[in-house]
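The values are calculated or read from the model by the stated rules, or taken from the named source; none is laboratory data. On a predicted model such as this, the values are computed, not experimentally measured, just so you know. Here Cβ is always computed from backbone atoms with ideal geometry, including for glycine, and neighbour counts include all displayed protein chains.
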Amino acid sequence: MTGPADGLPRRAILKGIYAAGGMAAAGALAGFTPLSAFAAPAGRLTLLLGGSPHDEAFLTGARAIAPVEPLTPPLLSARDLGRFLDEQAHRRASGQHLIGLLDDASFIVFQEILHARRARFLVTGHHARQHRFTSLAQSRGMAAALAAGLARQGLGYRITEKSFGIINETASAPPPASPASCHDWASITAAHLARLAAGNWRTGTVGAFQQVGRAGGQGALVSFVAEL
């Protein structure tokens, strides 16, 4: 593969890659096994984390839907990530889903690598001073689901969503409830992304949602579900 990702120095582009399976140690973010040891069965989810303060909450939310296990070194270069994705393409059928939370700079690198492999994003969420989702028809409703979860926690928010071909469409089904273990935007978002990746997502309302109140810090992060 050639492109801007190849020339990057070795850095913490991804803090860890997690694949669905048994959780060897609940909440552990250390003790990674080598990349070459990864051979998860087809149909399993893979979770990518970039080392932000919200990783633990994001992991909690995803684990509420699908148990995850740490599998790779904490430092991963762009070339290593490309090789990892190529290995998965050989080991698994097309349609494999990856969910993750990266800082915005790392996401740009990740996006370049995925586009070079003709993969696509089903949904992305940009989390800074507000939450902005971009979705496809089959993934719409993330904003409404996050808003509902934050409202139940009494938290303030500003959330928008744009969906290709969808403009403020009202869905008949209410947003899915977030798991009881999810108490902030990162864990709630991760749970809903895991539902989408697992094929258990019900599409919902697309639009803008706002509630005045205390809002948790976001940083400059991007959540996503990618389909290889």
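Go through segment 140-157 and give me each residue that's surrounded by fewer than 24 Cβ atoms within 10 Å (Cβ to Cβ) and either polar (S, T, N, Q) or out of contact with any Pro (no Cβ under 9 Å at 6 or more places or on another chain) (or both). Selection gives ALA151, ARG152, GLN153, GLY154, LEU155, GLY156, TYR157. None of ARG83, ARG63, ARG44 is of a type in the set (D, E, K, R), at pLDDT 70 or above, over 13 Å from LEU101 (Cβ atoms) and in contact with a Gly (Cβ under 9 Å, 6 or more places away or on another chain) except ARG63.
Checking each residue in segment 157-182 for being at pLDDT 90 or above and closer than 23 Å to HIS54 by Cα picks out TYR157, ARG158, ILE159, THR160, GLU161, CYS182.
One line per residue, one yes/no per condition, for (1) more than 16 Å from GLY141 (Cβ to Cβ); (2) without any contact (Cβ under 8 Å) to a residue 60 or more places away in the chain:
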position	(1), (2)
SER181	yes, no
ASP184	yes, no
ILE188	no, no
LEU196	no, no
THR205	no, no
PHE209	no, no
GLY213	yes, yes
GLY219	yes, no
PHE224	no, no
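Among all residues of segment 124-134, there is at least one that is under 17 Å from the mean Cα position of the chain (by Cα), at pLDDT 95 or above and within 19 Å of LEU45 (Cα to Cα).
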